[in-house]
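Note sheet for the following structure.
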Amino acid sequence: MVTLVHLRHQLPHMVLAELFEVDRSTVSAAIRQARPLLAARGFAVPDRPGLRLKTLGDVFAHAEAEGVELRLDGAETQVRRPQADRPGRRAFVSGKRKQNTIKTTTFSDGQGRLLLSGVVHPGRMHDQTAVRTEGIAEQFRIRLGVKAKVDSGYLGLAKEFPGQVGAPASLVSDRSAQRATRRRTSTELVLVRDTAR
């Protein structure tokens, strides 16, 4: 249950520990064990009983076949700081949040329903780097009919695939208007965290 709440709402492990009245390490262990099991089972497709998306290729094939415009975002979740002697300890410090986080690339449809929660990366990794390492850019090259909306973290992807990937904030030059557009598009584009509405 704690893993499902984490995937749906991206709450920090410490908050989940308080909600479920367990130690934070119990929450981390549960999520670490349950995520691969859920990923292996696949993500159910809304309104399509029996269809499950297990890979990035499945998501793009479904989007192309059904005309689904994808929403793509890197969700960051605060985690406990790795031990001092652990190699790569600084990799978890997010440049955006200035906290220790892990980042997951998530895909949803236009109504904010989760289609896939991708590979987990240390928080220091930029969204654009995750795009390269996960093979997302390659999927856009293969599936020319797939369209997606993204936030400002994926401006490079929008520039590389202008006919397929839209990043509205990148088109605004005025800083205050850009911030307003970013706020508006963050709720419009990435409804994964707000699917309970």
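Computed from the coordinates by the stated procedures, all read-outs in this text should not be read as laboratory data. It should be emphasised that the depicted structure is a prediction, and the values quoted were computed from it without experimental measurement. Positions of Cβ are backbone-derived with ideal geometry, glycine not excepted, and every protein chain shown enters the neighbour counts.
Sorting 12-19, 153-160 by their mean Cβ neighbour count within 10 Å, with the most densely packed peptide first, gives 153-160, 12-19. Taking amide hydrogens as placed 1.01 Å from N in the peptide plane, the amide H of residue 45 sits under 5 Å from those of 51, 53, each at least 5 positions away in sequence or on another chain. Residues of segment 127-167 with amide nitrogen under 11 Å from the 7 Å Cα-to-Cβ point of residue 51? Counting only backbone N, you get no residues.
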